[in-house]
Amino acid sequence: MKLQEIIQLTFVASLVLMGAGCKALQNFSAGQEWSSNYALMEGAQANDPAIIDGDLKTVGQTQYVESSMSGEDNYVRTMATYAAPSEAVVILPEPKAIHRVVIHSANVIQMLDIWITDSNGKWEKVKEVKSNKENKIDIRLTRTIHTAGVRARIRKTVDDAALRRKNVRRGFGFRQIGGKTKAQAKIAEFELYGFVTGTEPGAAVSEVKDDEAELDLLLSQ
Amino acid sequence: MKLRDPWKTIIGSSWLFVIFFFTISCTQLNEVHRRRTLEARNNLKKQYVTMARSDPGILDSSSSLKLESKHYVLIFSEDIQKLKDYDSADERRGVGHGSLVYMESLYNFVHDIFGFEPSNQDVYGFEPNQKIRIVLHDFYNGSKHQAVTQTQSRTEYQNGEFIKKITGIQMDFPIEMYNQRPVKAHELAHAFTNIYLLPTWFAEGIAVLVEVEYAEGNEHGKVDLHDDLKLDLDGVNAAQSWRGHGSATLGPLTHWCYNYSYSIVSELKQRYGSQFYPNFFRLIEEDRLHQKLPGAMKDSFLVYYLSQSAGEDLIPFFQDLKFKVSKLSRNDILVMIQQMNLTITQ
């Protein structure tokens with residue numbers, strides 16, 4: 001009798017576990033079911049609003065990180081300003097679980113870092129992209145990130161070399177720097193996605209549909 | 001049965017308590033969450049200048065040499081069309097659209113700071129369909145480092161007095177300057193305030209205030225109003241005779257003039273609060289001072305209106321900084337303007 005009870009209990013437990021496992025698997029595979037683009041939420045802000053207007057035709061620019069060395073030696077400050085990277089920053093009206101960041105750029109961004117902020121405003125780097133060659137960068141985050149702020153720090157673009165040729169002159173063993181050495185990224189859209197949740201009826205956009213819509217938009221231009 | 005009834009009551013009441021406390025805790029947790037979210041957002045807003053998207057309603061010409069939005073006309077000058085990034089209509093369209101979305105958001109941003117806008121006909125005498133012209137250049141006036149905002153006006157003689165009408169506001173940017181947010185904010189501040197014919201030092205001080213304290217630029221900084229004071233040969237504060245970055249005089253002192261002027265403007269804002277300047281402009285507007293002035297505003301007029309906005313006499317503050325100003329009443333100002341206009345008429 002006792003053995004029968006144990007078997008029955010094990011069977012029930014297995015069923016529960018299988019059910020839970022299936023649900024987890026379903027959630028896992030729900031990577032195909034993306035939420036709507038959180039950057040288009042009412043109240044979302046960006047350091048260039050053109051990157052969150054939902055229109056691939058409007059191209060915004062990343063903004064240079066201002067040097068914080070205002071009291072330092074003027075030469076050091078100027079050099080730091082010239083070498084400063086640029087950033088695209090998006091602030092959401094409320095924290096969201098972000099799993100995917102998509103950046104559409106007009107000039108190819110070869111290297112960038114993705115940072116997220118915690119509730120105290122501290123930034124943490126969560127992803128590095130190196131040697132990208134596409135205008136569309138689709139970044140999947142390896143863990144769920146609940147945040148209201150995402151930024152992309154641009155390390156290298158395809159336009160950097162031309163800018164350096166223009167602003168850096170070499171001769172007689174000296175290097176004369178007369179301007180910025182890192183080009184701004186030209187970003188058409190900065191998109192943030194999570195997975196569809198039960199509280200988002202009708203917000204689900206499958207990845208395939210999402211890509212098709214983008215393709216339609218590009219073809220219609 | 002008699003024994004079980006009290007237990008039922010106790011258990012029932014306990015459940016009610018549990019549900020009640022659960023509800024209260026949920027509400028409190030929600031409130032804490034809401035407050036934390038707000039705090040986090042404010043922290044982020046302190047770190048970055050971010051803006052909400054606007055509805056620009058952009059109209060585009062076929063060559064994309066001229067684009068229009070709600071408040072602006074964006075024009076690509078001839079020399080910029082020779083640059084690699086602007087030599088095709090597609091490139092200009094992409095940059096132009098994005099730029100106008102940005103500028104429309106910046107317009108709302110500066111509007112929130114001052115409380116008035118150029119498209120308000122009562123304030124400006126700016127015709128309803130007129131827009132701010134933004135002209136992008138490779139070089140402007142032979143330079144890649146000088147952005148200029150000019151306001152054109154026409155003076156009409158009506159009912160025995162001169163009245164100004166704004167016929168255009170134009171912002172000229174070398175593209176290198178246009179790509180810098182603080183510079184755009186600085187020039188847009190001029191586009192908003194030029195109509196008031198403010199003394200140069202004050203107009204630049206206000207523009208640098210917007211550039212540094214709202215758009216978080218770091219080109220300029222504060223100086224000590226007493227320790228860093230510089231006098232001209234008449235013993236008057238050197239900022240008072242400054243005629244702007246284009247003037248030949250005070251060339252070496254230009255950077256100091258920007259910083260010193262900004263320091264005064266910022267000091268007053270710190271003392272009298274964020275509504276100090278919106279009130280100041282409202283007071284000028286009420287008297288229509290800018291429409292009657294035949295030329296740039298005298299510093300004594302300016303100090304009168306600043307004092308009105310502050311609610312206390314600021315003459316001692318400015319005299320302490322070696323400004324040559326005198327105490328005037330509103331009537332004195334109006335009589336002086338009438339006399340100036342009479343002289344011009346004669």
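Screening the candidates B:K164, B:K184 for the property of being basic (K, R), crowded, with 17+ Cβ neighbours inside 10 Å, modelled with pLDDT of 90 or more and not assigned by TED's automatic domain parsing to the domain that holds B:N341 yields one hit, B:K184. Once the range B:42-56 is narrowed to residues that are facing chain A (nearest Cβ under 7 Å) and part of a loop (DSSP other than H, G, I, E, B), the residue that is surrounded by the most Cβ atoms within 10 Å (Cβ to Cβ) is B:R53. Checking each residue in the range B:292-320 for being basic (K, R) and either more than 22 Å from the chain's Cα centre (by Cα) or part of a helix (DSSP H, G or I) (or both) picks out only B:K292.
The helices (runs of 4 or more DSSP H) found wholly in the range B:172-291 and carrying at least 2 residues that are in contact with a strand residue (DSSP E or B) (Cβ under 7 Å, 6 or more places away or on another chain) occupy B:175-178, B:181-193. Contact map, the range B:323-341: first residue in the same structural domain as B:L306 (by TED's automatic domain parsing) and of a type in the set (S, T, N, Q), second residue modelled with pLDDT of 90 or more and outside any loop (DSSP other than H, G, I, E, B), Cβ cut-off under 6 Å, separation 6 or more or different chains; pairs are B:S326/B:S300. Taking the condition out of contact with any Gly (no Cβ under 9 Å at 6 or more places or on another chain) and either part of a loop (DSSP other than H, G, I, E, B) or within 14 Å of another protein chain (Cβ to nearest Cβ) (or both), does A:A162 pass? So A:A162 fits the description; yes. In this structure, does B:H245 turn out to be at pLDDT below 90, loosely packed, with under 14 Cβ neighbours inside 10 Å and farther than 20 Å from B:F162 by Cβ? Spelling it out, it is not the case that B:H245 is at pLDDT below 90, loosely packed, with under 14 Cβ neighbours inside 10 Å and farther than 20 Å from B:F162 by Cβ. B:Y262 fulfils the conditions (1) aromatic (F, W, Y); (2) over 16 Å from the mean Cα position of the chain (by Cα); (3) within 14 Å of chain A (Cβ to nearest Cβ) except for a single criterion, (2). Screening B:L67, B:L59 for residues that are under 17 Å from B:I132 (Cβ atoms), in contact with a helix residue (DSSP H, G or I) (Cβ under 6 Å, 6 or more places away or on another chain), within 14 Å of another protein chain (Cβ to nearest Cβ) and not polar (S, T, N, Q) leaves exactly one candidate, B:L67.
The values are calculated or read from the model by the stated rules, or taken from the named source; none is laboratory data. Note that the coordinates shown come from a computational prediction; the quantities given were computed from them, not determined experimentally. No Cβ is skipped: glycine too gets one built from the backbone with ideal geometry, and neighbour counts run over all protein chains shown.
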